[in-house]
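Taking it in order: structure first as structure tokens, then the write-up.
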Amino acid sequence: KQEVTQIPAALSVPEGENLVLNCSFTDSAIYNLQWFRQDPGKGLTSLLLIQSSQREQTSGRLNASLDKSSGRSTLYIAASQPGDSATYLCASETSGSRLTFGEGTQLTVNP
Amino acid sequence: DGGITQSPKYLFRKEGQNVTLSCEQNLNHDAMYWYRQDPGQGLRLIYYSQIVNDFQKGDIAEGYSVSREKKESFPLTVTSAQKNPTAFYLCASSIGAADTQYFGPGTRLTVL
């Protein structure tokens, strides 16, 4: 059974800092790895999706990498802003359209 | 506007009652999903449907039921058999399997 772990559980940084969020998974037989953002009491917003054949995806200040052999993905946020404060969730998709989520990293960017 | 809607936003239920959560999408997506989120935790899959009139159990299906009679709609019923139903429920849809999932705003269910 796939297990997804995110470290750290919470992170607080000053505005402007570059940061990395980590995600690890136990079963490397994945179709893709997705990163989501969740604001308090809200649904999830998809940020990036990396197919199993890809190594990374970029969108604006966000860059996500995938290393299937080591079971790891990272989300890099450049020049962080207070508006980036949210919980970031990673999820791996295995067979049968099943997403397995990590518990999330709660990010606070201080002005 | 295209998107996924869930209603109601907040729902209160007495113990022993069944309750149905609504999920509608106008994105023409084939696949739809129901997740449960508990405080400080990630999402867990309850049920999913890849096509109309077909659905499969997820990791925590006990005490829940679904139907998929229309492509646009995937209602979730929380039955009295669900022992700890208080949670945040999220519905999602995707074009197909292994595609990006788009989420609704969620329904917060509280059992009194």
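The values are calculated or read from the model by the stated rules, or taken from the named source; none is laboratory data. The model shown is predicted, which means the values in this text are computed figures rather than measured ones. Cβ: placed from backbone, ideal geometry, glycine included. Neighbour counts: every protein chain shown.
For segment B:36-65, enumerate the residues that are of a type in the set (D, E, K, R) and surrounded by fewer than 20 Cβ atoms within 10 Å (Cβ to Cβ).
Within segment B:36-65, B:Asp38, B:Arg44, B:Asp54, B:Lys57, B:Asp59, B:Glu62 qualify.
Of the strands (runs of 3 or more DSSP E) lying entirely inside segment A:2-81, those carrying at least 1 residues that are touching a Cys at 6+ places or on another chain (Cβ under 6 Å) and within 14 Å of another protein chain (Cβ to nearest Cβ) are A:4-7, A:19-25, A:32-38.
State the number of residues belonging to segment B:50-82 that are more than 9 Å from every other protein chain (Cβ to nearest Cβ) and assigned to a strand (DSSP E or B).
So in segment B:50-82, the residues more than 9 Å from every other protein chain (Cβ to nearest Cβ) come out as B:51-55, B:57, B:60-82.
Adding the requirement that they be assigned to a strand (DSSP E or B) leaves B:51, B:54-55, B:57, B:64-66, B:70, B:73, B:76-78.
Residues in segment B:50-82 being more than 9 Å from every other protein chain (Cβ to nearest Cβ) and assigned to a strand (DSSP E or B): 12 in total.
Of all the residues in segment A:54-71, those that are out of contact with any Leu (no Cβ under 7 Å at 6 or more places or on another chain) and either surrounded by 16 or more Cβ atoms within 10 Å (Cβ to Cβ) or among the aromatic types (Phe, Trp, Tyr) (or both) number 4.
Among the residues that make up segment A:83-101, is at least one of them surrounded by fewer than 18 Cβ atoms within 10 Å (Cβ to Cβ), without any contact (Cβ under 8 Å) to a residue 60 or more places away in the chain, at the interface with chain B (Cβ under 9 Å from one of its Cβ atoms) and not in a strand (DSSP E or B)? Yes, the conditions are met somewhere in segment A:83-101.
Return a yes/no flag: does segment B:41-49 have any residue that is out of contact with any Pro (no Cβ under 7 Å at 6 or more places or on another chain), farther than 18 Å from A:Thr100 by Cβ, more than 10 Å from chain A (Cβ to nearest Cβ) and not in a loop (DSSP other than H, G, I, E, B). No. Here A:Ala29, A:Ala79 are screened, and the one residue that is at pLDDT 95 or above, over 30 Å from B:Thr107 (Cα atoms) and surrounded by fewer than 13 Cβ atoms within 10 Å (Cβ to Cβ) is A:Ala79.
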